[in-house]
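Contents: one structure, followed by commentary.
The values are calculated or read from the model by the stated rules, or taken from the named source; none is laboratory data. Being a predicted model, the structure only gives us computed values, none of them experimental. Methodologically, a virtual Cβ is constructed for each residue, glycine included, from the backbone with ideal geometry; neighbour enumeration extends over all protein chains shown. Side chains included, ligands, DNA and RNA excluded: accessible areas come from the protein's heavy atoms. Shrake-Rupley method; radii C 1.70, N 1.55, O 1.52, S 1.80 Å.
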Amino acid sequence: MPTQPKALHFLAISGSLRAASLNSLLLRAIANIAPAGTDVVLYQGLGQLPPFNPDIEDPLPEPVAHLKNQIIAADAVIIASPEYAHGVTGVLKNALDWMVGNESFVNKPVALLNTSARAVHAYAALREIIGMMSAHIIDEASLTIPLFGSGLTEGRLVGDPQTLLDLNTVLAALRKALESPSSPL
């Protein structure tokens with residue numbers, strides 16, 4: 001009897017709180033095209049996290065504990081963030097600061113997505129932060145997928161052959177990293 005591949009759960013985190021965020025749009029599109037057996041869930045609580053304060057880490061504030069538990073429960077994490085003033089957004093940096101003191105990202109496979117070829121500083125900073133947290137950045141799943149213009153929809157994104165190929169590449173590379181027998185994961 002053939003065995004079914006393990007169902008995978010990916011947590012997607014957008015570094016933007018904007019309702020019209022291209023980063024959030026990209027993550028929603030990837031969730032919509034995920035194949036059977038792969039569940040991609042967009043984290044919705046970024047704006048609810050209190051400012052990082054090590055004086056209140058024990059116990060963790062409930063929204064922070066919730067994010068930590070979601071990261072730990074995920075097989076992999078996909079992060080897409082805009083660049084503000086040559087850095088990652090404050091809300092994303094705040095969320096990551098909360099995770100530094102715990103094991104949530106240790107050896108966790110992570111894909112980093114960038115929606116602007118010009119946003120090189122934030123992307124580099126995000127790679128540095130995530131790497132320092134001992135996450136396993138999957139290079140094959142970490143792509144710049146340039147999105148331009150207003151009025152973009154999930155349908156238009158997945159209707160574009162190159163974008164659809166890129167999104168499928170992200171999902172396939174994460175699955176491959178998780179299924180590889182030589183993987184340190």
Query raised in the report: About its Cα centre, how strong a charge dipole does the chain have in debye, to the nearest 20, once Lys and Arg get +1 and Asp and Glu get -1 at the Cβ?
Result: 420 debye
Requested in this report: Have a look at A19, L60, L167 and report the one farthest towards the positive end of the charge dipole of the chain, computed about the Cα centre with Cβ charges (Lys/Arg +1, Asp/Glu -1).
Outcome: L167
**Report entry** Positive-end extreme of charge dipole, the chain - chosen from N114, L152, I130 (charges on Cβ)
**Finding:** L152
Query raised in the report: Ignoring ligands, DNA and RNA, what percent of the accessible area of the chain is carbon or sulfur (1.4 Å)?
Result: 56 percent
Query raised in the report: So what are the three principal axis dimensions of the chain from its Cα atoms, in whole Å, longest to shortest?
Result: 48, 48, 25
Query raised in the report: Rounded to the nearest whole Å², what accessible area per residue is found for the chain with the 1.4 Å probe?
Result: 50 Å²
Requested in this report: Choose one answer from D39, D166, D58: the residue with the largest mean-square fluctuation in a GNM of the chain with alpha-carbon springs under 10 Å.
Outcome: D58
Report task. Take Y84, Y43 and sort them by solvent-accessible surface of the protein heavy atoms, 1.4 Å probe, largest at the top. Result -> Y84, Y43
Requested in this report: Determine the calculated [θ] at 222 nm for the chain from helices alone, applying -39500 (n - 2.57) to every DSSP H run no shorter than 4 residues and normalising by the residue count; nearest 500 deg cm²/dmol.
Outcome: -12500 deg cm²/dmol
Requested in this report: Obtain the nm distance between the two label points defined at M132 and T144 by a simple spin-label model: each point lies 7 Å from its Cα along the Cα-to-C-beta direction.
Outcome: 2.3 nm
Query raised in the report: Looking only at E62, E140, E154, which one moves most when the chain is put into a Gaussian network model with springs between Cα atoms under 10 Å?
Result: E62
Query raised in the report: In a GNM of the chain with a 10 Å cut-off on Cα contacts, which of L147, L171, L92 has the highest mean-square fluctuation?
Result: L147
Query raised in the report: Cβ under 13 Å from S16's Cβ, S16 left aside: what net charge do those residues give with Lys, Arg +1 and Asp, Glu -1?
Result: +2
